[in-house]
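Written out below as structure tokens is the structure these notes cover.
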Amino acid sequence: VETEARILKVLQSIKGTTLNPGADESLFESGLLDSFALTDFVGGLEDEFGITIPDSDLSARKFDTIRKVAAYVAAKAA
Amino acid sequence: MAFLRAFGSYVPPRRVTNHELGPLVGADPAWILEVSGIEERRYAANEETVASLGILAAEDCLRKAGVSAQDLGMILVASGSSERFCPGPASQVAAGLGLSATPALDIPVASCGSLIGLALAAELAPKVGRVLVVGAEIMSRRVDRTPEGKDTAILFGDGAGACLVDADSGFARIADWILSTDGNAAEILKVVGERLVMDGKSVILQAYRKIPRAIGDLLARNSLAAADVGIYLLHQANLNLIERVAAGVKVPIERFFVNIARYGNTSSASMLIAADEWRAAHPGPVSAPIVFSAFGAGIQWGALLAVGAQG
């Protein structure tokens, strides 16, 4: 839950507004992330969690929902 | 050595504005402009082909260079949208220029093909003399102008560009280049059947990382800073991407030549069309370095450095 909250914080900082998407809600289909906001989101995740996301992981589907992002971040941090 | 001698271009006269295209794909014209920086694009006429566009750009380039097609040592034609896979358009471009024995090779790489052509030409010119690089695309026949095809239809247009690389003289010398390929991401941008299929978000994610890195690596190994470069001539994929690349390499967007508003994304033709327009506006001697860069299907990406002819 803490991880998801931190992910949401990154998302909110990019969008500049309070957001509360469901854990499985598509951030793309809901319009919360477009192609260019996604680049900011990925950079924000690296900063927030102190991780490096390699080019091989730069696939949009990995970052489509808060739950997917949380699983990814957890795997990277493990 | 290899020099940039001249550029050329051709775009079809038919203009397709966002106001014309928007209703077909279910998109607000203002939204198209906002997400892409594109105001209009050109569409080829029914009777035009990738090769016919390429021939017109090639002729424009040779005319500006004051060089006869008979004096070419090789032709390289980049296209990701040719009507036929094999033989591709290169042999037709050569034939259209009146040549019957000059080697003409295809580079079937959307978007990055003309950069690959320039890099290969830089190495081949010392051997064959003059290499004509052509990028020609009819992308309008690779997109669906329906709501389902909105994400690609709004971006792409048709056109051709050319560059003459000469072993002996030109306004700038090709100093170095970097090309890279990562087939692990090949599925994010591909032509399936007759249609371009693109995972646009993944393409932007990859390009946003790879283009600035390629430029940075190229400059660093040539002991140059990003601010030393006089002009950046990039594949015109999307204005927002070019702006982010500019931010990524930490130079003002004004250092990047941008004409995407008028032509859209013409894939492998775009960088050479942009170069031709830039050169037309700056015909004098070149003192500051020039950087070319592109990203495209494969995925392929890279950057090329040219410096003043005396540099």
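The values are calculated or read from the model by the stated rules, or taken from the named source; none is laboratory data. Given the structure is predicted, the values throughout are model-derived calculations rather than measurements. Positions of Cβ are backbone-derived with ideal geometry, glycine not excepted, and every protein chain shown enters the neighbour counts. Note: accessible area is taken over every heavy atom of the protein model, side chains too, but ligands, DNA and RNA are not part of it. Shrake-Rupley method; radii C 1.70, N 1.55, O 1.52, S 1.80 Å.
Count of the range B:236-291 residues, restricted to those that are on the phi < 0 side of the Ramachandran plot and open to solvent by 50 Å² or more (accessible area, probe 1.4 Å), is 15.
Residues of the range B:205-214 that are open to solvent by 20 Å² or more (accessible area, probe 1.4 Å) and either farther than 30 Å from B:Ala6 by Cα or in a strand (DSSP E or B) (or both): B:Arg209 alone. I'd like to know if the range B:65-78 contains one or more residues that are open to solvent by 70 Å² or more (accessible area, probe 1.4 Å) and within 22 Å of the chain's Cα centre (by Cα). No: the range B:65-78 contains no residue that is open to solvent by 70 Å² or more (accessible area, probe 1.4 Å) and within 22 Å of the chain's Cα centre (by Cα). Within the range B:34-62, the residues that satisfy the criterion of being in contact (Cβ under 8 Å) with a residue 40 or more places away in the chain and under 14 Å from B:Gly264 (Cα atoms) are B:Val35, B:Ser36, B:Gly37, B:Ile38, B:Glu39, B:Glu40, B:Arg41, B:Arg42, B:Tyr43, B:Ala44. Restricting B:Gly230, B:Gly183, B:Gly200 to residues that are at pLDDT below 95 and of a type outside the set (Val, Ile, Thr) narrows the list to B:Gly200. Please verify whether the range A:3-25 includes one or more residues that are within 12 Å of another protein chain (Cβ to nearest Cβ), assigned to a loop (DSSP other than H, G, I, E, B) and at pLDDT 90 or above. Within the range A:3-25 (the criterion being within 12 Å of another protein chain (Cβ to nearest Cβ), assigned to a loop (DSSP other than H, G, I, E, B) and at pLDDT 90 or above), the answer is no, since none of the residues qualifies. In the set B:Gly129, B:Gly66, B:Gly98, B:Gly149, only one residue is out of contact with any strand residue (DSSP E or B) (no Cβ under 6 Å at 6 or more places or on another chain) and closer than 18 Å to B:Glu194 by Cβ; that residue is B:Gly149.
Does B:Val245 count as within 13 Å of chain A (Cβ to nearest Cβ) and either without any contact (Cβ under 8 Å) to a residue 60 or more places away in the chain or not in a helix (DSSP H, G or I) (or both)? Spell out the reasoning first.
Details: within 13 Å of chain A (Cβ to nearest Cβ): yes; either without any contact (Cβ under 8 Å) to a residue 60 or more places away in the chain or not in a helix (DSSP H, G or I) (or both): yes.
Taking the combined requirement at face value, the residue satisfies it.
Each row is one residue, and each column tells you yes or no for (1) part of a helix (DSSP H, G or I); (2) away from every other protein chain (no Cβ under 12 Å); (3) open to solvent by 20 Å² or more (accessible area, probe 1.4 Å).
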| residue | (1), (2), (3) |
| --- | --- |
| A:Leu32 | no, yes, yes |
| A:Ala37 | yes, no, no |
| A:Val42 | yes, no, no |
| A:Asp47 | yes, yes, yes |
| A:Ile53 | no, no, no |
| A:Ser56 | yes, no, yes |
| A:Arg61 | yes, no, yes |
| A:Val73 | yes, yes, no |
| A:Lys76 | yes, yes, yes |
